[in-house]
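The values are calculated or read from the model by the stated rules, or taken from the named source; none is laboratory data. Keep in mind it's a predicted model, so treat the numbers as computed, not measured. For neighbour counting, all protein chains shown are included, and Cβ atoms are generated from backbone atoms with ideal geometry for every residue, glycine included.
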Amino acid sequence: MNVVLLVLQAGLRDLSRNRWIVAYTLSFLGIAEGLFWFGGTGPQVLLSLLNLVLLVLPLVALVFGTIHVYASREFVELLLAQPVPRRELFAGLYLGLALPLAGAFLVGAGIPFVVHARDGATIGGVVALLGAGVGLSLAFAAIATWIALFTDDRLKGVGLALGTWLVAAVVYDGLVLGAAAAFGNYPVERPLLGLMLANPVDVARVLVLTQLDVSALMGYTGALFERTFGTALGTGIAAVALVTWCVIPLGLAGRRFLRRDF
Amino acid sequence: MITLDTIRKRFGALDVLQDVSLSVRTGAVTALVGPNGSGKTTLIKIVLGLTRADRGALHVDGEPADDAGAYRRAIGYMPQAAHFPANLRVGDVLDLVKQLRPGEAVDNDLARAYDMDAIRDKFVGTLSGGTKQKVNAVVAFLFRPALLILDEPTAGLDPLSANVLKEKIRAVRREGRSVLITSHIMAELETLADEVAFLCDGRLRFAGPVAELLNHTGGRTLEDAIAGLMRSERAGRRTAVVTAGPIPGPSWLAPEPEGAA
């Protein structure tokens with residue numbers, strides 16, 4: 001078995017038994033099941049879960065991911081002391097963090113939709129929600145890894161992770177709205193579309209909402225996005241943007257891992 | 001043989017290692033000693049490829065060590081403290097390391113001596129500090145590499161386990177393999193080491209046989225000798241050290257002329 005798979009296997013074994021990951025899975029399972037239980041239809045549950053996903057998932061991936069990478073530091077040094085290439089070791093370590101996070105969300109949020117398949121949620125909507133959740137997990141796990149490799153100061157690293165979450169999930173939309181209002185007399189549509197693509201949380205929101213007939217919930221940039229690109233092209237662009245949001249931080253983290261001193 | 005040639009490493013404004021040249025002789029136990037912050041850990045990390053030297057070269061059996069890390073097949077490493085993932089079983093850890101080094105002859109002597117079979121199914125997070133250190137030692141001694149690097153290997157071990165580990169180190173030496181060991185317990189090193197490399201402020205101040213160090217410093221024990229060297233360093237009476245050839249080639253420890261420090 002190659003190094004990537006070996007290290008990934010160890011990561012999966014470790015995190016699948018981690019109490020926080022188990023609690024994270026059960027939380028999504030409980031909340032989704034509870035929403036169905038209290039009479040929500042498929043689309044309603046989907047929208048309620050989307051809000052939770054956009055807020056909680058980046059927070060968990062960033063904070064848990066950063067702390068996990070710091071906690072693994074000595075073990076990583078031991079693995080680096082073995083005759084294995086850094087590149088493969090990095091791939092195994094990243095996947096060993098990102099896949100359990102994504103898997104926990106998939107299981108927790110996905111099972112209730114399978115159980116309540118007849119409650120009206122469109123397959124496209126469910127797939128978009130689960131896909132967006134997996135994409136966000138992978139993207140923010142990569143950002144968390146990069147942060148933890150960027151600074152050796154654990155407190156600073158966790159602070160950076162929290163700051164990143166605050167900007168991406170809370171402050172960003174307000175800033176964009178403020179910019180739209182301030183420059184309302186100018187043709188700002190295209191720059192605003194660019195700003196939307198510059199935040200993975202916005203990209204995930206639009207990816208899911210383009211699958212649902214709820215333009216009113218898209219926010220300013222989301223509505224603009226759908227009007228400009230239409231549903232099919234819009235979904236494609238949002239999906240590519242989310243993949244890009246996984247690849248770029250991962251590339252930065254990988255570059256840092258290959259070059260840094262341990 | 002592992003040879004370090006004029007290794008220099010700087011972290012920010014701090015010169016951690018300054019032109020350190022050192023050879024670890026085949027079939028010998030070399031003790032790497034020095035005060036805290038003298039550069040021992042950085043030197044070890046450079047040998048392991050965890051840290052890159054700013055200047056200088058590392059050769060393993062005459063071949064330059066490359067970034068791909070294949071040369072680490074010749075090295076086993078025991079860090080100061082074990083930090084294995086808490087939710088892995090002891091067996092998972094041992095299997096992972098074995099699978100990362102496929103094709104290497106496995107040495108189960110220490111695993112048997114520490115009765116690893118009895119704790120194979122236990123989660124690492126449930127083990128005591130001493131037991132984790134035993135697993136740490138077993139991981140390092142799992143193969144038969146030409147060089148073993150041991151960082152404070154007996155820290156946290158009970159006397160019996162420490163004794164077993166020291167016997168294993170001697171056995172490794174008898175097999176003609178090399179050991180580079182750090183410890184703050186000089187009495188322990190005195191019973192194990194053939195050679196001493198003394199680092200201070202990032203400079204190699206002595207490299208040679210233990211007997212030669214005792215002879216030159218007049219110390220009765222290794223602890224006396226090293227303490228004496230450290231006192232001299234602290235007092236600013238720098239010792240100029242010349243080493244010729246690989247350790248334990250002739251080495252001289254001589255006071256620099258007055259005012260040269």
- Somewhere in the range B:5-24, is a residue buried (at least 18 other Cβ atoms within 10 Å of the Cβ), within 11 Å of chain A (Cβ to nearest Cβ) and part of a strand (DSSP E or B)? yes
- Which numbered condition A:Gly39 misses (of (1) within 14 Å of another protein chain (Cβ to nearest Cβ); (2) without any contact (Cβ under 8 Å) to a residue 24 or more places away in the chain): (1)
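Just to check your reading of the model, which residue among A:Leu242, A:Leu177, A:Leu195, A:Leu224 is hydrophobic (A, V, I, L, M, F, W, C) and surrounded by fewer than 17 Cβ atoms within 10 Å (Cβ to Cβ)?
Result of the check over A:Leu242, A:Leu177, A:Leu195, A:Leu224: A:Leu177.
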- Counting only residues in the range B:110-125 that are surrounded by fewer than 20 Cβ atoms within 10 Å (Cβ to Cβ), away from chain A (no Cβ under 12 Å) and not aliphatic (A, V, I, L, M), the one farthest from A:Arg19 (Cα to Cα) is identified as B:Arg112
- Item | Residue identified as in a helix (DSSP H, G or I), at pLDDT 95 or above, in contact with a helix residue (DSSP H, G or I) (Cβ under 7 Å, 6 or more places away or on another chain) and within 14 Å of chain B (Cβ to nearest Cβ) among A:Gly108, A:Gly133, A:Gly96 | A:Gly96
- Of all residues in the range A:222-262, how many are over 16 Å from the mean Cα position of the chain (by Cα) and farther than 30 Å from A:Leu80 by Cβ? 16
- Task: Check the range B:224-247 and report whether any residue there is in contact with a Pro (Cβ under 7 Å, 6 or more places away or on another chain), modelled with pLDDT of 90 or more and part of a strand (DSSP E or B).
- Result: no
- So B:Ala81, is it away from every other protein chain (no Cβ under 14 Å) and under 26 Å from B:Leu160 (Cα atoms): no
- Task: Mind listing whichever residues of the range B:132-179 are outside any strand (DSSP E or B), among the polar types (S, T, N, Q) and either in contact with a strand residue (DSSP E or B) (Cβ under 7 Å, 6 or more places away or on another chain) or surrounded by fewer than 21 Cβ atoms within 10 Å (Cβ to Cβ) (or both)?
- Result: B:Asn136, B:Ser161, B:Asn163
- Message: Quick check on A:Val53: is it assigned to a helix (DSSP H, G or I), of a type in the set (Val, Ile, Thr) and either over 22 Å from the mean Cα position of the chain (by Cα) or closer than 15 Å to A:Leu162 by Cβ (or both)?
- Response: no
- Message: Give me the residue from the range A:64-87 that is β-branched (Val, Ile, Thr) and crowded, with 18+ Cβ neighbours inside 10 Å and, out of that set, nearest to B:Asp66 (Cα to Cα).
- Response: A:Val84
- Query: Looking at B:Gly39, is it at positive phi, surrounded by 21 or more Cβ atoms within 10 Å (Cβ to Cβ) and in contact with a strand residue (DSSP E or B) (Cβ under 9 Å, 6 or more places away or on another chain)?
  - Reply: yes
- Go over the candidates A:Ala179, A:Ala161 one by one and state the one that is over 19 Å from A:Gly125 (Cβ atoms) and in contact (Cβ under 8 Å) with a residue 40 or more places away in the chain. A:Ala161
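Out of the residues in the range B:58-109 that are assigned to a helix (DSSP H, G or I) and among the charged types (D, E, K, R), which is surrounded by the most Cβ atoms within 10 Å (Cβ to Cβ)?
The extreme case among them is B:Arg72.
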- Message: Conditions first: (1) part of a helix (DSSP H, G or I); (2) surrounded by 20 or more Cβ atoms within 10 Å (Cβ to Cβ); (3) away from chain B (no Cβ under 14 Å). A:Asp14 passes all but one, so which condition is the exception?
- Response: (3)
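Could you please give the count of residues in the range B:47-57 that are more than 9 Å from chain A (Cβ to nearest Cβ) and buried (at least 20 other Cβ atoms within 10 Å of the Cβ)?
2
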- Message: Looking at (1) in contact with a Leu (Cβ under 7 Å, 6 or more places away or on another chain); (2) more than 14 Å from chain B (Cβ to nearest Cβ); (3) crowded, with 21+ Cβ neighbours inside 10 Å, which one does A:Ile31 not meet, given that it meets all the others?
- Response: (3)
- Query: So which residues in the range A:82-108 are within 14 Å of the chain's Cα centre (by Cα) and closer than 15 Å to A:Val53 by Cα, if there are any at all?
  - Reply: A:Leu101, A:Ala102, A:Gly103, A:Ala104, A:Phe105, A:Leu106
- Within the range B:127-159, residues among the polar types (S, T, N, Q) and touching a residue at least 24 places away in the same chain (Cβ under 8 Å) come out as B:Gln133, B:Asn136, B:Thr154
- Within the range B:25-36, track down each residue that is buried (at least 23 other Cβ atoms within 10 Å of the Cβ) and among the aliphatic types (A, V, I, L, M). B:Val29, B:Ala31, B:Leu32, B:Val33
- Out of the residues in the range A:51-93 that are without any contact (Cβ under 8 Å) to a residue 12 or more places away in the chain and closer than 22 Å to B:Asn136 by Cα, state the one that is farthest from the other protein chains (Cβ to nearest Cβ). A:Ala71
- Message: Being in a helix (DSSP H, G or I) and at pLDDT below 95 is true for just one of A:Pro58, A:Pro43, A:Pro83. Which residue is that?
- Response: A:Pro43
- Yes or no: B:Glu223 out of contact with any helix residue (DSSP H, G or I) (no Cβ under 7 Å at 6 or more places or on another chain) and either within 20 Å of B:Ile44 (Cβ to Cβ) or not small (Gly, Ala, Ser) (or both)? no
